[in-house]
1. Collect residues whose amide H, placed 1.01 Å from N in the peptide plane, falls under 5 Å from the amide H of A:Leu108; neighbours closer than 5 in sequence don't count.
2. Can you list, shortest first in nanometers, how far B:Asn123 lies from the same residue in the other copies, with each label 7 Å from Cα toward Cβ?
3. On a 30 Å Cα-Cα criterion, which of the cross-link pairs A:Lys46/B:Lys129; B:Lys26/B:Lys133; A:Lys30/A:Lys129; A:Lys133/B:Lys86 come out too long?
4. Over chain B, with a Gaussian network built from C-alpha contacts below 10 Å, which listed residue (B:Asn103, B:Asn91, B:Asn21) shows the highest mean-square fluctuation?
5. Output the 0 to 90 degree angle, nearest 10, between the alpha-carbon long axis of helix A:124-138 and the longest principal axis computed from the alpha carbons of chain A.
6. What are the ³J(HN,Hα) values, in whole Hz, obtained from phi via the Karplus relation 6.51 cos²θ - 1.76 cosθ + 1.60 with θ = phi - 60°, for each residue of the stretch B:75-86 in sequence order, with x given for Gly and Pro?
7. Compute the angle between helix A:6-16 and the longest alpha-carbon principal axis of chain A, please, reported from 0 to 90 degrees and rounded to the nearest 10.
8. Which distances, shortest first and in nm, link B:Glu66 to the matching position in the other copies, using label points set 7 Å out along Cα to C-beta?
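Derivation of every value follows stated rules applied to the coordinates shown; laboratory data play no part. Because the structure is a prediction, the values reported are computed rather than measured. Please note: Cβ atoms are built from the backbone with ideal geometry, for glycine as well, and neighbour counts cover all protein chains shown.
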Protein chains: 2
Amino acid sequence: MLDHNRLSIIAEVIRGHKIGNQHDLKEHLKGRGFDTTQSSISRDLKKLGVVKVDGYYKTPSIAPGESSKVDRLDATTAGDNLIVLKTGPGNANRAGVIIDRANIIGILGTIAGDDTIFVAVANRQTQAKVLRKIFALFD
Amino acid sequence: MLDHNRLSIIAEVIRGHKIGNQHDLKEHLKGRGFDTTQSSISRDLKKLGVVKVDGYYKTPSIAPGESSKVDRLDATTAGDNLIVLKTGPGNANRAGVIIDRANIIGILGTIAGDDTIFVAVANRQTQAKVLRKIFALFD
DNA sequence: CACCCTATGCGAATTTTTTGCATAAAAACA
DNA sequence: TGTTTTTATGCAAAAAATTCGCATAGGGTG
């Protein structure tokens, strides 16, 4: 079914609920069997590249109209070596070119389809860094 | 300047000298301050995806003009399940087709963009084998 | 300042990776 | 096929990296 590691549960909770602080998130996680501390949550959020917008956490994403360079952009990670980006139909290539040109250290390769981009990275540490750099490009 | 870890030194030595066995490589490394064992070298070569061609080791890469089928080809691995191949602009599709047609056992799927190909494999063992088979195709 | 929220240095515990040894497996060659 | 050379690997110890909680520092807001 679902990936039961803590990071993915956090992403799931953030997408499904309005979470305004790490303590609330802690409670949600506890309800799902992950009893951890605020410290760890802080570090997890960093790894996920989660950002706080209007007081609530959200997974790294650019909403429609938020950027002039792409119609929208949502990121998820698949394992430690892949970042999956979704755009609106027909926008992936343009976004892919922007990413390629930025020559971000840590990116091993990029492939864009119609509305999806795969970005290969070397490891989990790189993954978090690259994610942040990509979103910086479009912000 | 250069990365001074053992893996990059090995790649450098292999590119600069005709190395026909791991014992010779061991000697070269010793000369450069890396006193290690044949076991480790064997494992390093595997990590690098180094292949033996005509009795000599070479890094997984096809230089411009070296193959009639592709302009150039360089491989890296991203984790245990992905191989990332880079070609010159516009060449990835042609190379991808060649790989697909070869029906290499162990390849779970292939996607080609403009100058990049992602090859999904099941695990690290498969990864090394597949890498060798791919380069055999273009040699 | 007082309060709330988040980030981080540190050390302990855990997990992962690396390494050499011995040896098995494979390849090369007679 | 038998012998030799070359390469791969199971295993256990050592080394390195990661995870985690605690305590606390830092940031922001009123």
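1. A:Ala120, A:Val121, A:Ala122
2. Computed spacing set for this position: 2.2 nm.
3. On the way: A:Lys46/B:Lys129 36 Å; B:Lys26/B:Lys133 26 Å; A:Lys30/A:Lys129 28 Å; A:Lys133/B:Lys86 22 Å.
Correct reply: A:Lys46/B:Lys129.
4. B:Asn103
5. The answer is roughly 60 degrees.
6. Per-residue couplings from phi come out as 10, 9, 10, 10, x, 8, 10, 9, 10, 10, 10, 10 Hz.
7. Compared with the principal axis, the helix lies near 80 degrees.
8. So the label point of B:Glu66 gives 4.4 nm to the other copies.
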